[in-house]
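Read-outs: derived from the displayed coordinates by stated rules, not from any lab. Source: prediction; values computed, not measured. Here the Cβ positions follow ideal geometry from the backbone for every residue, glycine too, while neighbour counts run over all protein chains shown.
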Amino acid sequence: MTRIDFYVLEPEAQSDRFHLACRVAEKAWVAGHRVLIQTSSPQEARHMDTLLWTFRDRSFVPHGLLGEADSETNPILIGHGTDAGGEDDVLINLSSAIPEFFSNFERVIEPVDSDPAVRDASRERYRFYRDRGYPLNNQRIA
């Protein structure tokens, strides 16, 4: 069964959920995982693409946009639609909605920042997962 982890940034955190997603994706890649970062729109997908190039000096995180990048050479893909591109390892969900394909993944990570709309949407997703019996974990991030 898919494991669901909510990574909740403390209100005083100096970053947002997009930067947190970069950190989590990098850590997962270093540990040998494949990652799909799901966003709400093509604009958010391009924003994540740019952030993964710039979020940390002197780091390289191999990534690309789902459907445009070669999945063989890019262990981190960024999508925004209803297709997971055959990925099934780690899903980082930046979308306010639950992707239809979430249960195909071993692990789903839900980054949450202090934006009230983001917190409200994450509470709805939490209830959805909980009510269906998915194992849930919460981690507070400073």
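Points to keep in mind about this one:
- Applying a DSSP loop filter and a limit of 14 other Cβ atoms within 10 Å to the GluC sites (Glu not before Pro) in the range 73-142 leaves E100, E106.
- Local electrostatic count, L136, Cβ distance below 9 Å [Lys/Arg +1, Asp/Glu -1]: +1
- Net lengthening on full extension, I141/D16 (0.36 nm per residue, minus Cα-Cα): 43.9 nm
- Within-11-Å neighbourhood charge of L91 [Cβ basis; K, R +1; D, E -1]: -3
- Value of relative contact order over the range 3-141, rounded to a whole percent, pairs C-alpha under 8 Å and six or more apart: 38
- Sparse packing (at most 10 other Cβ atoms within 10 Å of the Cβ) combined with a DSSP loop state is found for the following trypsin sites (Lys or Arg not before Pro) in the range 33-98: R58.
- Between S41, S122, S96, the Gaussian network model of the chain with springs among Cα atoms under 10 angstrom shows the greatest mean-square fluctuation at S41.
- All other residues whose Cβ lies under 13 angstrom from that of E106 are scored, Lys and Arg at +1 and Asp and Glu at -1, for a net of -1.
- Rg and Dmax over the alpha-carbon atoms of the chain stand at 14.0, 43 Å.
- Among S114, S95, the order by Cβ neighbours within 10 angstrom, fewest to most, reads S114, S95.
- Annotation note: trypsin sites (Lys or Arg not before Pro) in the range 71-142 located in DSSP loop regions with a Cβ neighbour count of at most 16 within 10 Å are R132.
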